[in-house]
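Just so it is clear, none of the values below were taken in a lab; they were calculated from the coordinates. What you see is a predicted model, and the numbers here were worked out from it, not measured in a lab. Glycine also receives a Cβ, built like all others from the backbone with ideal geometry; neighbour counts cover every protein chain displayed.
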Amino acid sequence: MAAKVRSKFVCQNCGSSYPQWLGQCTQCKEWNTLVEEVVDRVEEKRGTPASVKGRHPVPVAIEAIPAQDGPRIALSDGEFARVLGGGLVPGSITLLGGEPGIGKSTLLLQTALRNPHLKTLYVSGEESEHQVKMRAERLGNSSSEWRVASGESGGRAHAPDSPLATLPSNCYVLTETNTQNIFKHIDALQPGLVVIDSVQTLHTAVLDASPGSVGQVRECTAELMRFAKTTGIPMVLIGHITKDGFIAGPKVLEHMVDCVLQFEGDRDHAYRLLRPLKNRFGSTNELGIYEMQGSGLAEVEDPSQVLLGRREERPSGVVVAATMEGMRPLLIEVQALVSSAVYGTPQRSSTGFDLRRLNMLLAVMEKRCGFRLGQKDVFLNLAGGFRVEEPAIDLAVVCAVLSSNADIAVPMDSCFAGEVGLTGEIRPVTRTEQRIAEAAKLGFARIFVPKGTKGIAPVKGIEVVQVGQVSEVLSHLFG
Ligand code: TYD
Ligand code: MG
């Protein structure tokens, strides 16, 4: 008997479903986001994996459960492995989110190519086999391991379509978007890692909705989840982030998967950050830093070194902040430019730092330190396209603005860490010792930290100045 076709209306923003159409989603209050999706015999077709059939879980004492902390799968990419918490966990599902063009496909293809011990199935719903191959050749070109002797071929490294003897044989490419077919190929190939590029292109026969809709993305992910858990094959899914920053439109996927990694960075700059938003097997305080090069993503082991560059002298308005990105100390250059407003209303613009917070700091400088910034244009910029959310960068922002305003350079050998409060007080920050150690390592002679920071052991070669008020810092710097 043919099952009755049922349909429901799903909000494309938050994933709530309704039996009938509404103009506004009552959950997230967005307008015109409900889309009809046909729910076609979901329960029957979904099926149960053979291994799960007939199994009825019973309560088990926690001490009686055998420990199953199997070995993690090592990855040659140190940054990726660290962000995952020390390698891939068998049977885990990881979602890699990021804006289009940021380098998600590059990161995962290069993971597939550079781990010869790992048989990888790269499922591409977005690019053809040829496109994937072209990218692989580009990635392979730079790696000395597989570089062909390009010198002899008259400067041309590879003839197009010539079989690249040096590309590793462990990576398989599949251009398929139907989940049931993908599972068949996985069963036949038995890979050690499956990459899905991207989850928005998948569709399952169970649902009639179009690929990319909330229902499809959710149902496909659920299928992949069940498959990964029963087979023990780890999977990494790529998910595009929409304008408003949600992974796959709604946040629904984040709850389902084991790890959510976000790949971010400014497309005009070469640096990319890999940040764990959720990790069932490790800390979310890790951070991976890459540089996008002509031949793929290169790990950046000492980011502060790269970000600070080498300067003979520092102009006014440029200050170094000792920030933390997760667990990693990161010294970063803050640049400010203050000039008289040309138009009636002064302009405030900020790259890499919250504009509202900048406005607040300007108000503090005006009210508590007596600087007349009300009629000034203020521009703020962080080096390398980085974004810093941490409040410990406040003090450096204040110093950069005041330095530019007075046109007096801040000594090159100083750096800053401290949150600035509304009364102009400098408030404690986390992990001060790590910041001091990093500054000392990079050759700074002086670091300004909040007053009352306890337990700071003296570090050789660096003077630690404890300051309680913005005005104290100013008298240190500008006399
Ligand atoms: P891609 O991985 O396709 O992004 P996503 O999958 O997140 O949409 O990355 C695309 C960008 O990366 C593209 O603009 C070109 C650049 N790129 C390099 O600079 N070097 C390289 O070796 C590769 C493969 C890409
Ligand atoms: Mg891509």
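Below are the figures for this structure:
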item	result
THR284, THR94, THR432 arranged by Cβ crowding within 10 Å, fewest neighbours leading	THR284, THR432, THR94
Helix-only CD estimate at 222 nm, as mean residue ellipticity for the chain, using -39500 (n - 2.57) per DSSP H run (n ≥ 4)	-7500 deg cm²/dmol
Under 12 Å, Cβ to Cβ, from GLU438 - net charge with Lys/Arg +1 and Asp/Glu -1	+1
Linear extension gain, THR166 paired with ALA363, 0.36 nm per residue minus alpha-carbon span	64.9 nm
Inter-label distance for ARG348 and HIS476, nm, one decimal - labels placed 7 Å from Cα along Cα-to-Cβ	2.5 nm
Neighbourhood charge, 15 Å Cβ-Cβ cut-off, centred on GLY23 and excluding it, Lys, Arg +1 and Asp, Glu -1	-1
Mean Cβ neighbour count within 10 Å, used as a protection proxy, ranking 403-411, 12-20 highest first	403-411, 12-20
Overall dimensions of the chain as given by Cα atoms, namely Rg and Dmax in Å	26.7, 88
Modelled FRET efficiency - R0 41 Å, GLN466 with GLN293, Cβ distances, 0.05 increments	0.50
For HIS203, HIS117, order by how many other beta-carbon atoms lie within 10 Å, fewest first	HIS117, HIS203
Over 31 Å (Cα to Cα) - which of LYS367/LYS451; LYS133/LYS184; LYS104/LYS454 fall in this group	LYS104/LYS454
Euclidean distance of C-alpha centroids, the stretch 422-465 and the stretch 221-236, integer Å	46 Å
For LEU34, distant residues with modelled amide H under 5 Å away	GLN12
Segment LEU422-SER339, length gained on full extension (0.36 nm per residue, minus Cα span)	27.5 nm
Rounded FRET efficiency, nearest 0.05, which uses the C-beta distance separating GLN375 from GLN180 and R0 of 51 Å	0.15
Under 13 Å, Cβ to Cβ, from LEU202 - net charge with Lys/Arg +1 and Asp/Glu -1	-4
Only Lys, Arg (+1) and Asp, Glu (-1) charged, at Cβ; the chain dipole about Cα centre in debye	780 debye
Two-site label geometry, ALA188 and GLN24: point separation in nm, points 7 Å out along Cα→Cβ	5.3 nm
Modelled FRET efficiency - R0 41 Å, GLU390 with HIS56, Cβ distances, 0.05 increments	0.25
The stretch 266-334 - charge dipole about Cα centre, Lys and Arg +1 at Cβ, Asp and Glu -1, debye rounded to 20	320 debye
The stretch 409-471 shape via C-alpha gyration tensor axes, a/c threshold 1.5	oblate
Farthest positive-ward along the chain dipole, Cα basis, beta-carbon charges - from ALA112, TRP31, ILE73	TRP31
Partner aspartates and glutamates for LYS278 [C-alpha distance under 14 Å; skip if fewer than 8 residues away on the same chain]	GLU254, ASP258, GLU286
Furthest towards positive pole of dipole, VAL58, GLY294, ILE238, structure part the chain, Cβ charges	VAL58
